[in-house]
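Here is the structure we will look at.
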Amino acid sequence: MEGNDIEDLGNGVFRTVGAVSRYSALDQYAMGLRAESEVPPMFLVTRVTSGPDRGRTRRRIGVEIRGTRKDVRIADIVAANGTRRPDAASAPKVFRQAFIYLVSQTRESAAELNKIERIRAAWKTFFSDSTDRRGTMISRLR
């Protein structure tokens, strides 16, 4: 969650191959967009002994780190935290979100409002793409 895709090169050597660009299967499970059966096994790197900032490599691709692989299954996460409620079959798939723009002066510029509108409009597509089209974001109030 909010981490990198990591490739296991063997012998305790790993490399970051992808940075945060989508919601992972685990993220989607937590959001109610995937069932337990749809979350593949994953791993994390523990006991990091080398790498920039001793493994704190968020959002950086191509970083080599050394450490110990720990395999994790969704069953391990459920055993530690309980099942997600509501489950994916009944959890909402459509979300509403509003954008609020606050200004300290008495007038906003058209350029600023247009920028916010472009971000708002792009968010809907980004959310759909990054949830593998399992979730929908509505970012209009009307």
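The values are calculated or read from the model by the stated rules, or taken from the named source; none is laboratory data. These numbers come from a predicted model, not from an experiment. Cβ placement follows ideal geometry from the backbone for every residue including glycine, while neighbour counts extend to all protein chains displayed.
Limited to the stretch 84-120, what total is found for residues that are more than 30 Å from Glu36 (Cβ to Cβ) and either of a type in the set (D, E, K, R) or touching a residue at least 12 places away in the same chain (Cβ under 8 Å) (or both)? Steps first, please.
The initial filter retains those residues of the stretch 84-120 that are more than 30 Å from Glu36 (Cβ to Cβ), namely 98-120.
So of that shortlist, the ones also either of a type in the set (D, E, K, R) or touching a residue at least 12 places away in the same chain (Cβ under 8 Å) (or both) come out as 98-99, 101, 107-108, 112-113, 115-120.
Within the stretch 84-120, residues that are more than 30 Å from Glu36 (Cβ to Cβ) and either of a type in the set (D, E, K, R) or touching a residue at least 12 places away in the same chain (Cβ under 8 Å) (or both) number 13.
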In this structure, does Ile61 turn out to be surrounded by 11 or more Cβ atoms within 10 Å (Cβ to Cβ), assigned by TED's automatic domain parsing to the domain that holds Met42, within 19 Å of the chain's Cα centre (by Cα) and part of a helix (DSSP H, G or I)? no
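Going by the structure shown, is Thr136 touching a Phe, Trp or Tyr at 6+ places or on another chain (Cβ under 6 Å), within 30 Å of Pro41 (Cα to Cα) and among the hydroxyl-bearing types (Ser, Thr, Tyr)?
Values: touching a Phe, Trp or Tyr at 6+ places or on another chain (Cβ under 6 Å): no; within 30 Å of Pro41 (Cα to Cα): yes; among the hydroxyl-bearing types (Ser, Thr, Tyr): yes.
No: the conditions fail for Thr136.
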Quick one: count up the residues across the stretch 77-86 that are part of a helix (DSSP H, G or I) and surrounded by 11 or more Cβ atoms within 10 Å (Cβ to Cβ). 2
Enumeration of residues in the stretch 87-125 that are hydroxyl-bearing (Ser, Thr, Tyr) and outside any loop (DSSP other than H, G, I, E, B): Thr125
Could you look through the stretch 97-135, keep only residues that are closer than 18 Å to Tyr29 by Cα and of a type in the set (D, E, K, R), and pick out the one that is surrounded by the fewest Cβ atoms within 10 Å (Cβ to Cβ)? Arg133
If you take the residues in the stretch 2-54 that are at negative phi, at pLDDT below 95 and part of a loop (DSSP other than H, G, I, E, B), which one is surrounded by the most Cβ atoms within 10 Å (Cβ to Cβ)? Tyr23
Every listed condition ((1) under 20 Å from the mean Cα position of the chain (by Cα); (2) farther than 30 Å from Asn11 by Cα; (3) of a type in the set (A, V, I, L, M); (4) surrounded by 13 or more Cβ atoms within 10 Å (Cβ to Cβ)) holds for Val94 save (4)
